[in-house]
Number of protein chains: 6
Amino acid sequence: MMHIAVVNVNTSRGMTEEIRRAAVAAASDGTEIYATQPHFGPESVEGSYDSFISAAAVLDVLAMLPAQTAGVVLAGFGEHGREGARELLDVPVVDITEAAAMLAQLLGARYGVLTTLQRCVVQIEDSLRTAGLLQRCATIEATGLGVLEVDTSSRSTLDALERAGQRALEKGADVICLGCAGMVGAAEELGARLGVPVVDGVAAAVQLVEALINLGLRTSKHGPFATPLVKARPGWPPRA
Amino acid sequence: MMHIAVVNVNTSRGMTEEIRRAAVAAASDGTEIYATQPHFGPESVEGSYDSFISAAAVLDVLAMLPAQTAGVVLAGFGEHGREGARELLDVPVVDITEAAAMLAQLLGARYGVLTTLQRCVVQIEDSLRTAGLLQRCATIEATGLGVLEVDTSSRSTLDALERAGQRALEKGADVICLGCAGMVGAAEELGARLGVPVVDGVAAAVQLVEALINLGLRTSKHGPFATPLVKARPGWPPRA
Amino acid sequence: MMHIAVVNVNTSRGMTEEIRRAAVAAASDGTEIYATQPHFGPESVEGSYDSFISAAAVLDVLAMLPAQTAGVVLAGFGEHGREGARELLDVPVVDITEAAAMLAQLLGARYGVLTTLQRCVVQIEDSLRTAGLLQRCATIEATGLGVLEVDTSSRSTLDALERAGQRALEKGADVICLGCAGMVGAAEELGARLGVPVVDGVAAAVQLVEALINLGLRTSKHGPFATPLVKARPGWPPRA
Amino acid sequence: MMHIAVVNVNTSRGMTEEIRRAAVAAASDGTEIYATQPHFGPESVEGSYDSFISAAAVLDVLAMLPAQTAGVVLAGFGEHGREGARELLDVPVVDITEAAAMLAQLLGARYGVLTTLQRCVVQIEDSLRTAGLLQRCATIEATGLGVLEVDTSSRSTLDALERAGQRALEKGADVICLGCAGMVGAAEELGARLGVPVVDGVAAAVQLVEALINLGLRTSKHGPFATPLVKARPGWPPRA
Amino acid sequence: MMHIAVVNVNTSRGMTEEIRRAAVAAASDGTEIYATQPHFGPESVEGSYDSFISAAAVLDVLAMLPAQTAGVVLAGFGEHGREGARELLDVPVVDITEAAAMLAQLLGARYGVLTTLQRCVVQIEDSLRTAGLLQRCATIEATGLGVLEVDTSSRSTLDALERAGQRALEKGADVICLGCAGMVGAAEELGARLGVPVVDGVAAAVQLVEALINLGLRTSKHGPFATPLVKARPGWPPRA
Amino acid sequence: MMHIAVVNVNTSRGMTEEIRRAAVAAASDGTEIYATQPHFGPESVEGSYDSFISAAAVLDVLAMLPAQTAGVVLAGFGEHGREGARELLDVPVVDITEAAAMLAQLLGARYGVLTTLQRCVVQIEDSLRTAGLLQRCATIEATGLGVLEVDTSSRSTLDALERAGQRALEKGADVICLGCAGMVGAAEELGARLGVPVVDGVAAAVQLVEALINLGLRTSKHGPFATPLVKARPGWPPRA
């Protein structure tokens, strides 16, 4: 049994459950998904202030993962913290931002990202640039929906995604990444509407972390992701 | 049963068999590997002249894959042809160059590639640049071994790989990609010697193509990878 | 007498003749043009599948050029194979893609490329990126015409080129490259309509290869363009 | 009286005091420096795990700055959090990483950064890339000293800085940035030894934030740095 | 008393006076502004021909600055010559192009530049690229006004700036740089109209050169900005 | 008869004559070379101060070229002014920096530049970056010789060039550009010593400007190279 932890980056239990279901659906037989969320922080992450609080809160959770955890998915699109998680853990860590962009690059020539609010666009661009995955990104398009407004069972959410997707295709994308963990249920319907592959980051990341585990690959401890130094960190973690 | 075709890009049967074994070892239960090779072309691909002949020869083979093929691995590191394969086929196509670089990027901060002859370095650099994966490549180091000289059961091959790997670490790499399909057997031993993750492209690509198939994702036909137009191609394919 | 081979990349005899006439018109006194075409492959190259078949077919032709050939023009815009040709031959090899972009860069600040189908745009972008000539490219605009539909004696072709050219100027281009060997006859009329220099790649490449020959310069054999290694290439070339 | 808050990113009181003294020395007459530090987190920040905890802890402190604060200096070189601070606050926020690189770019053609441990190099590179200031960085050189080992009154620290500085000059730098807030006292001596300008980030940032305040400029609230949305953030801040 | 020379790059006395007033307004107490202009050259700089004449004329003026000059502002947006000035002088030299872009990068995520004529756009882009400051530039928008037509006391100038500014915001800018020394009086009104920070280069440069002087920093003489070699320069300077 | 003006950028008559001879040697039959030099300015250009004076002095000369001039070569490697020349003139203008880099890119995979003093390296890098030709430059190596010390008939100059060339090959270059107009006589001998093609910029530029003239191509007047506006330029030109 392969145990994978999927970490929602916000404190909304509903969204953790949604992400869990998507991860379970994407996981292979024999994979056990453990979905969790931070002990503190914003109920939705929309912007860098939230994202940096969330990054620390996620690192807090990662320090207490079940012992059998063989790999981790960070389920926040464009959010901060992945390099810290790779330092903290020896097991593979996959960020849904990278995962979605990578699979998209295997399926098309240029990918587009659909996100929530306009204010998140630059942060996603910066995240992809740091990850070395920006070159083949044609555009990042905002739907105008807040994270908690995204409801992939509603027509208005799907319509907003379709409009943003059409703009992405017009700008040269031939494959679409869902740029928010909460959009996870829209992939199939949106793909049918747009006629192009739609990659959900949570599903992509679950598959990628399984791939790394299957190949026995673990995070490099030779360079910047070496284990954090032993030192005093007063007041951390904040619990208790 | 998931059927994956793994295409050696040269006409050396020994190497096809070696690649097949590596692919089988990397594949999940329930995956059937079909290893094949071109009907014509160089017995080893070292340089662009060979690579372009091989690209056409690989496209020739891809046109006649078994009907049940659900995904394809192109097993030539830094070789040409992937965009043509993505046009020709609807099923996912994963190039071992991209696959190795992607998994490496999930494991470390900067990756290094070990290749055969010095003459191949620029071609690999160009392949990674076109793939949008060059930014986090620290260096591409040649071992000085020709493709058919690589023998991962011999000490001298492993020593040459270790020396090239050490140079890569000194230039900032913290994870290593094996930059030749024939190096496939060296990953474990080299990882032990260097103390960093070593990613073999064939194994990486098998896992990635399985991931795409598991998620029901297929190549985009909306953009440049649309099916080739119907037209006269006299003398093609060259067989019989 | 300076002998220059101009290689059409498709198997359309009409287009070879058209290219030959353009090359002769662009050549200096004392230059003899030898126009040729592949022995196999697509009658028009539109996309990467065609382009990779064509690359191999062109390499096949290049191996049998007349002995007195002093330089070669590859007459396919954005097509693959130039690095292979530079390995195979000692004489200078000029790709019309590079040639057009270079001369354009000497005439204006930002150039635009007009091509045939939308599906070719990314391939041309990738070709210019690999050639290190993308930075000053303002845009690549498709006319929507297939390669064999381009008829520079017809008003509708010229109108389509003018419309695409206007879009390029609006996006910042101040010089235009004709991005298809078949557009060769449109340079003068299009220049008059748009009021900017229009560079035809075949003419540019003929002049550049003459320049290299005049200066006694030949392809470097010190690096990646060293002569292909002697090895078995069963079934290659495909003729006979 | 202009009130500027200077925020040490770690919880070492000694370092806060050192930074305070440097800020006071760099400040103009009429500027009041308020030096502070996080309520929780690592006593030194060396790597991304520490840096992300610190980023949240710094945001926590920034939410409770004295009302008269007219500008903020983030005194962690290459650390995370600046975009979040710019969202949270209306007053100008200057990161010492950007400040040092900017002044260096006004003084020389290519700058080098001296940092503490090798593990910090990639993080600084990523920070400069995100800030759009990497192009003119010749190199980032590690001294091998931990943050709390840096003692600019000791000969061994100065010798280590000089050695790293010499390596930077050999790689093309003609101006040096001190890449750690704790190196603040070494600028003058190191400049004398190396014969090039040495820019301390804390001093640079104090001057830059004064410049912004003098010109009446405040953080843009039109784009991604708009004030964080009102929402539930359970358990945040962690105090009380 | 700190003496700063502000050099208008054209020979229009009215503009020198306008720039002087802006510099005085931006300078701190205790700073003395010495505004000057070339002895020869264009009355307005619009394009590279003017810009290169102006660069030499500015270098001529810089060779005769008052002895007490502690720093220099080059008051031409996107104009040539800054590297030459840095060679000639030991005191800090700040170009308003760099100054505006730097302060803008501290205030927002992406900046836009408003300039005079369309023909100046590429030159400004090239200047920012050479300065290593182009990455975060969202767009450069022309108002269509010639340098001497810009009259920041007129409604039509302000309206033209507002229209260009709106286009910049639509393309992703969240902070605006005034891309012409003559726009210096428009910052406040334009900021009010657009709702974003507006950075005037002259004011920014005065503050930056003060900052460098305050910190005792001078131009590096170790690298390419070493003092010009002693040699014959017949006919230079052109006065007599 | 095709008349081409070749403009030495310094005021050394000996060097003008040397350049003239090289240009004549490179020119085709029927081309008349008119070699000239500025009326004022440095006797050698080594650094940006000299380069900007020279740029204006060259523009002065260009305004008085013989009426029959059909094209212009700017014979200063890495020097400023080319964009101004393209504004001033309708006939094609070729900078030897661009010309050498372009022909080098047609001959090898990565080119190296050999220059005079170390202080010139960054300026050449910036010139190539602005020209959009830096990507394939492996390195720029200084010989340590001043411009007027270069004597291609002396063994010590050739030895210095060979040493710099060897360093370039070790850094990945497979073709060499002579990065100073005064190195013009060394191409053949250096090529024999290094075993790679050596491109002299003057010869390359003469051939390129002939190519443009042969094709009837002239500088674009549609964009930034439109003819300079009519305006007062008091004191310019400085003669008389």
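The values are calculated or read from the model by the stated rules, or taken from the named source; none is laboratory data. Computed from a prediction, not measured in an experiment: that's the story for all the values here. FYI the Cβ positions are ideal-geometry reconstructions off the backbone, even for glycines, and counts take in every protein chain you see.
Given the options D:R167, D:R155, name the one that is closer than 24 Å to D:G14 by Cβ, basic (K, R) and without any contact (Cβ under 8 Å) to a residue 60 or more places away in the chain.
The unique qualifying residue is D:R155.
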Inset, instruction - Identify the single condition in (1) touching a strand residue (DSSP E or B) at 6+ places or on another chain (Cβ under 6 Å); (2) closer than 21 Å to C:A226 by Cα that B:R167 does not satisfy, given that it satisfies every other one. - result: (2)
Inset, instruction - Would you mind finding the one in C:A232, C:A205, C:A181, C:A142 that is touching a helix residue (DSSP H, G or I) at 6+ places or on another chain (Cβ under 6 Å), under 30 Å from B:D50 (Cβ atoms) and modelled with pLDDT of 95 or more? - result: C:A205
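Please give the helices (runs of 4 or more DSSP H) falling wholly within segment C:44-110 in which 2 or more residues are closer than 21 Å to B:A55 by Cα and within 8 Å of chain B (Cβ to nearest Cβ). Steps first, please.
Details: elements: C:48-62, C:82-88, C:96-107.
Ranges flagged: C:48-62, C:82-88.
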Inset, instruction - Take segment D:173-195 and flag every residue that is small (G, A, S), in contact (Cβ under 8 Å) with a residue 24 or more places away in the chain and surrounded by fewer than 24 Cβ atoms within 10 Å (Cβ to Cβ). - result: D:G185
Inset, instruction - Quick one: in segment B:199-224, of everything that is without any contact (Cβ under 8 Å) to a residue 24 or more places away in the chain and of a type in the set (A, V, I, L, M, F, W, C), which residue is nearest to B:T115 (Cα to Cα)? - result: B:A211
Legend entry - Within segment D:14-32, considering residues that are within 15 Å of the chain's Cα centre (by Cα) and over 14 Å from E:N214 (Cα atoms), the one surrounded by the fewest Cβ atoms within 10 Å (Cβ to Cβ): D:E17
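I'd like the full set of residues that are within 14 Å of chain A (Cβ to nearest Cβ), among the polar types (S, T, N, Q) and part of a loop (DSSP other than H, G, I, E, B), limited to segment D:1-32. Give the steps one after another, and end with the answer.
Going residue by residue through segment D:1-32, those that are within 14 Å of chain A (Cβ to nearest Cβ) are D:7-16.
From what is left, the residues that are among the polar types (S, T, N, Q) are D:8, D:10-12, D:16.
Scanning segment D:1-32 gives D:N10, D:T11, D:S12.
Only one residue in F:A70, F:A56 is more than 14 Å from F:N8 (Cβ to Cβ) and in contact with a Gly (Cβ under 9 Å, 6 or more places away or on another chain), so which one is that?
On the way: F:A70 fails: in contact with a Gly (Cβ under 9 Å, 6 or more places away or on another chain).
Exactly one of F:A70, F:A56 is more than 14 Å from F:N8 (Cβ to Cβ) and in contact with a Gly (Cβ under 9 Å, 6 or more places away or on another chain), namely F:A56.
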Legend entry - Contacts under 7 angstrom Cβ, first residue in segment A:225-236 being more than 7 Å from chain D (Cβ to nearest Cβ) and under 21 Å from D:I124 (Cα atoms), partner modelled with pLDDT of 95 or more and surrounded by fewer than 19 Cβ atoms within 10 Å (Cβ to Cβ), 6 or more apart: A:T227/A:K221
Inset, instruction - Output the number of residues of segment E:179-227 satisfying the condition of being touching a Cys at 6+ places or on another chain (Cβ under 9 Å), among the charged types (D, E, K, R) and over 20 Å from D:V93 (Cα atoms). - result: 0
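With the structure loaded, tell me whether D:T157 is β-branched (V, I, T) and within 28 Å of E:L106 (Cβ to Cβ) or whether it fails that test. So that I can check it myself, show each step before the final result.
Values: β-branched (V, I, T): yes; within 28 Å of E:L106 (Cβ to Cβ): no.
Spelling it out, it is not the case that D:T157 is β-branched (V, I, T) and within 28 Å of E:L106 (Cβ to Cβ).
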Inset, instruction - Specify the residue that is nearest to the chain's Cα centre (by Cα); the eligible residues are those in segment C:114-132 that are in a loop (DSSP other than H, G, I, E, B) and more than 14 Å from chain F (Cβ to nearest Cβ). - result: C:T116
Inset, instruction - Might you let me know whether segment D:33-42 holds any residue that is under 16 Å from the mean Cα position of the chain (by Cα), at pLDDT 95 or above and in a helix (DSSP H, G or I)? - result: no
Legend entry - Filtered residues of segment F:215-224 (kept if touching a helix residue (DSSP H, G or I) at 6+ places or on another chain (Cβ under 8 Å) and within 14 Å of chain E (Cβ to nearest Cβ)): F:T219, F:S220, F:H222, F:G223, F:P224
Inset, instruction - Would you confirm whether any residue within segment C:102-118 is surrounded by fewer than 24 Cβ atoms within 10 Å (Cβ to Cβ), among the hydrophobic types (A, V, I, L, M, F, W, C) and over 28 Å from C:A142 (Cα atoms)? - result: no
